[in-house]
Amino acid sequence: MIKNKYVAEIPARLGSKRVKQKNLRLIDGEPMIAYAIKACKNVDDISEIYVNTESDIIGQVALDYGVKYYKRKQELSLDHIVSDQFNYDFLKHIECDVLIMINPVSPLVESIDIKEAIEFFEINQLDSLISVKNERLQSFYLNQPLNFNKDGLLPMTQNIDPVQVCVWTICIWRKESFIKSYEENGYAVFNGKYALWPINPLKSIKVSYEEDFLLAEQLLQARKCYRQYEVKYYER
């Protein structure tokens, strides 16, 4: 049994330059932010759920879906504000032991993913958990290979180490260590004992561009009929 008090936070700004007001935009019939809210509501270990926003419009959506609304200051919703800053503000005002942040622009995340992340966090006694996507492909950074030797035979993908890309679908932080790190160092996302937690790549799809929105909506619709899906093969 988990004794820590977990509070879920869903950060959502009204403004978005690449996909206009994406948190309010209907995706398969519901505002995109609703998927994160519903996923959190089905996790027993979460004591309270807050939407963290500067917008009264988004705040009303939170209330309509039966969760709380934390109104951050307008200056904490500017384009240059990062996760360390608005999460520090949130944690200074909300009572909890552990904060779990669910990204509303990853609408394919489900309750089971959140439950598994919490279990991993607890078992490993972490201070920070960041969700990642494992890319088991030959990868470069600044024209230099990351996970294979280019001066030789090309390794099979199943034999190379994956590159882990932060997707921010689910993040978990212990309140005390987060605040301590931020106040001492000015940053806190990877504070204390941290782990990178691989999530199913489909669940990690993040709506940053219009094509991401279209893909996420198609996948949400396809998931509804997944149980009727039958594997078939070509036959002559």
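Couple of notes before you dig in:
- Bridge orientation summary for the chain: considering DSSP beta bridges with both residues in this region, about 45 percent are antiparallel.
- Taking other residues whose beta carbon is less than 12 angstrom from the beta carbon of Ser106, and scoring Lys, Arg as +1 and Asp, Glu as -1, yields +1.
- Radius 12 Å from Cβ of Trp173, net charge of other residues (Lys, Arg +1; Asp, Glu -1): -1
- In order through region 190-207: 3J(HN,Hα) via Karplus (6.51 cos²θ - 1.76 cosθ + 1.60), integer Hz, x for Gly, Pro: 9, 8, x, 7, 10, 9, 9, 10, x, 10, 3, x, 5, 6, 8, 4, 10, 7
- Highest GNM mean-square fluctuation among Asp45, Asp28, Asp127, for the chain modelled with Cα contacts below 10 Å: Asp28.
- Sparsely packed loop sites in region 70-178 (the GluC sites (Glu not before Pro) outside DSSP H, G, I, E and B with at most 10 other Cβ atoms within 10 Å) comprise Glu95.
- Percent RCO, i.e. relative contact order, over region 1-114, from Cα pairs under 8 Å lying at least 6 residues apart: 39 percent
- Whole-angstrom gap from region 18-52 to region 207-236, using each part's C-alpha centre: 20 Å
- Seen from Tyr65, the other residues with C-beta closer than 11 Å to its C-beta sum to a net charge of +1, counting Lys and Arg as +1 and Asp and Glu as -1.
- Shape of region 1-57, Cα gyration tensor, a/c cut at 1.5: prolate
- Shape category assigned to region 100-236 from the gyration tensor of Cα positions, a/c cut at 1.5: oblate
- Here r is the Cβ-Cβ distance between Asp56 and Ser111 and R0 is 22 Å; the resulting FRET efficiency, rounded to 0.05, is 0.20.
- Gaussian network model of the chain, springs between alpha carbon atoms under 10 Å - residue of Gly152, Gly66, Gly15 with greatest fluctuation: Gly152
- Residue with peak Gaussian network fluctuation, the chain [Cα springs, cutoff 10 Å], from Ser83, Ser139, Ser55: Ser139
- Longest to shortest principal axis, alpha-carbon extents of region 1-151, angstrom: 58, 42, 32
- Pairs with C-alpha atoms separated by more than 27 Å, drawn from the list Lys180/Lys206; Lys17/Lys203; Lys133/Lys224; Lys17/Lys193, are Lys180/Lys206; Lys17/Lys193.
- Cα gyration tensor of region 76-166 - equivalent ellipsoid semi-axes, whole Å, descending: 34, 18, 12
- A Förster radius of 45 Å combined with the Cβ-Cβ distance from Glu235 to Leu146 puts the calculated FRET efficiency at roughly 0.60.
- Computed lengthening from Gln138 to Lys193, 0.36 nm per intervening residue step minus Cα-Cα distance: 16.9 nm
None of the figures in this text is laboratory data; all of them are computed from the coordinates on show. Not measured: the values here are computed from a predicted model. Note: ideal-geometry Cβ built from the backbone for every residue, glycine included; neighbour counts use all protein chains shown.
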